[in-house]
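Here's a structure for you.
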Amino acid sequence: MRRKARRGGGKQIEIQIDTLGARGDGVADHEGRPVYVPMTMPGDKLRVKLVGERSGGLKAEILELQELGANHIDPPCEHFGPCGGCTVQHVAPDFYRTWKRDAVVQALTRKGFSGGEVTELVQVEAGTRRRAVFAAAARGKKIDLGFHERESHKVVQVVDCKLLTPELNQLIDPLRELLKVLLGPEQAKADITVIGSSAGPDILVVTDAKLVLEGREAITVFAEKHSIARFAWGRPRQEPEPVAIRDNPYQKFGDVQVLPPEGAFLQPSQEGQDALTNLVLGYLPEELETVADLFSGCGTFTFPLSKHAQVHAVEGDERAITALISAARRNDTTHRITSDCRDLVKDPVTADELQGGDCVVLDPPRTGAKEQCHELAQSDIKTIIYVSCSPNTFARDARILVEGGYTLKEVTPVDQFIWSGHLEVVGCFELDDFEDDENDEEGL
């Protein structure tokens, strides 16, 4: 059966790139519609083939680069292009930093802010990422292990990733060999989360493949040979099973050792975690007794905050909040920390519950915290510190808070997802002082 042609597909045109888009693609104009071209820069002149539609515009592939614009550099990674992990390795450093900061400015200005609240970019270096999720697929007697190709389920073989720590890079080839035993017979696919820790790597394999005795034995040998702290096995949407544990893969939040659950969400680098923590602590008000840490995870900010105030941690992931509680008990900090397992999207902490509190720190997922911010906007919390991994949802939620009486004092962009369109921000909001308005009404 003949496939239906994609709208715009196959046509060849000549264009000049005008801007670098939010995802890292060059953007040109064709008949009033944006054309998105990967691995290009403003000023590039090229001939492209239109291959489909995207976000009201057109996607294109390069056929011929006719003239190179400014600010191009040679990508440092041999996998750049096919690998979907990085989109802007071809961009000169100064242009890159400006582009990243401008992403926050533009997101805020679209919501009516001036953009002047945005400070200079805080940037984490390459080679520091301690957490990676590899994709793997058995293909005959071979294993493809790496990251997905751009807009595809195809796995790009990776031998050396410039983002990762040396510890994680050194595991890629041995993991590929191990997966021949674990996945090969069933020609299965898997996602492998690898997290560095002081005790050694913490590995979780999630797959539909069955773990047989031969696989268990291979994991045990692998863990011993490569000093793996913990190796767990799980099926999608099910509780993982630890297969080999040599040591506890603790993570340090402040000065507290926390044992996260297998495959836990953590900040991707220690350097990025430190940068975010320092910003959060730096935005704390001088007079402080209580902090609500919403979307607390395993306690990334909870434990550093507990040095400054009584902290109430709220998190919807039961495994994460259990890890936080266990660490608090183990380190004798329960007198400073209370907790609650609660889905803050479906059941946000209400303004009444927040009554009388001093400060809220929130670190929601990429979708933001719209429902929670509506409650915060009606509260009397004096200071709100918002950590976000999406400038767009941050700007949307910032508008909710400002319309509720808060002022956005400052926003700091933090780039620990380098060479990609992803970016984190930390924003500080302060409640406007209504005392003068109340005095005016009373004639004082």
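The values are calculated or read from the model by the stated rules, or taken from the named source; none is laboratory data. What you are looking at is a predicted structure, and each value in this text was computed from that prediction instead of being measured. Cβ atoms come from the backbone with ideal geometry, glycine included; neighbour counts cover every protein chain shown. For the accessible areas, the whole protein counts, side chains as well, though only heavy atoms, and no ligand, DNA or RNA atoms are used. Shrake-Rupley method; radii C 1.70, N 1.55, O 1.52, S 1.80 Å.
Identify the single condition in (1) under 30 Å from Ile228 (Cα atoms); (2) loosely packed, with under 15 Cβ neighbours inside 10 Å; (3) not hydrophobic (A, V, I, L, M, F, W, C) that Ser152 does not satisfy, given that it satisfies every other one.
(1)
I'm trying to understand the selection: among the residues of the stretch 22-37, which are under 14 Å from Gln89 (Cα atoms) and either open to solvent by less than 40 Å² (accessible area, probe 1.4 Å) or modelled with pLDDT of 95 or more (or both)? Break it down into steps so the answer makes sense when it comes.
As a first pass, look at the stretch 22-37 and keep what is under 14 Å from Gln89 (Cα atoms): 23-26.
Selection gives Gly24, Asp25, Gly26.
Sticking with this structure for a sec: Assuming Trp99 fulfils every condition listed in (1) open to solvent by 20 Å² or more (accessible area, probe 1.4 Å); (2) modelled with pLDDT under 95; (3) of a type in the set (A, V, I, L, M, F, W, C) apart from one, which condition is it?
(2)
Out of curiosity, is Val206 in a strand (DSSP E or B), under 23 Å from Gln157 (Cα atoms) and either among the charged types (D, E, K, R) or open to solvent by less than 10 Å² (accessible area, probe 1.4 Å) (or both)?
Here the answer is no, as Val206 does not meet what is asked.
Could you pull out the residue among Ala60, Ala137, Ala70 that is open to solvent by 60 Å² or more (accessible area, probe 1.4 Å), of a type in the set (A, V, I, L, M) and either touching a His at 6+ places or on another chain (Cβ under 9 Å) or modelled with pLDDT under 95 (or both)?
Ala70
Looking at (1) within 25 Å of Ala309 (Cα to Cα); (2) of a type in the set (Gly, Ala, Ser); (3) in contact with a Ser or Thr (Cβ under 7 Å, 6 or more places away or on another chain), which one does Gly427 not meet, given that it meets all the others?
Tallying (1) within 25 Å of Ala309 (Cα to Cα); (2) of a type in the set (Gly, Ala, Ser); (3) in contact with a Ser or Thr (Cβ under 7 Å, 6 or more places away or on another chain), Gly427 fails exactly one: (3).
Right, another one. Checking Glu287 against (1) modelled with pLDDT of 95 or more; (2) more than 20 Å from Leu362 (Cβ to Cβ): exactly one of these is not met. Which one?
(1)
Do we have Glu286 as free of Cβ contacts under 8 Å to residues at least 40 places away in the same chain and of a type in the set (D, E, K, R) here? Reasoning before the result, please.
Values: free of Cβ contacts under 8 Å to residues at least 40 places away in the same chain: yes; of a type in the set (D, E, K, R): yes.
Here the answer is yes, as Glu286 does meet what is asked.
Could I ask something else about it? Would you tally the residues in the stretch 347-371 being in a loop (DSSP other than H, G, I, E, B) and touching a residue at least 24 places away in the same chain (Cβ under 8 Å)?
So the answer is 14.
Considering the stretch 24-48 alone, what residues qualify as being closer than 19 Å to Glu149 by Cα and without any contact (Cβ under 8 Å) to a residue 60 or more places away in the chain?
Correct list: Gly26, Tyr36, Val37, Met39, Thr40.
Can you tell me which residue among Gly196, Gly263 is in contact with a Lys or Arg (Cβ under 6 Å, 6 or more places away or on another chain) and touching a residue at least 60 places away in the same chain (Cβ under 8 Å)?
Result of the check over Gly196, Gly263: Gly196.
Could you check the stretch 105-117 and list, in sequence order, the residues that are of a type outside the set (Phe, Trp, Tyr), in contact with a Leu (Cβ under 7 Å, 6 or more places away or on another chain) and either touching a residue at least 60 places away in the same chain (Cβ under 8 Å) or in a helix (DSSP H, G or I) (or both)?
Within the stretch 105-117, just Glu117 meets the criteria.
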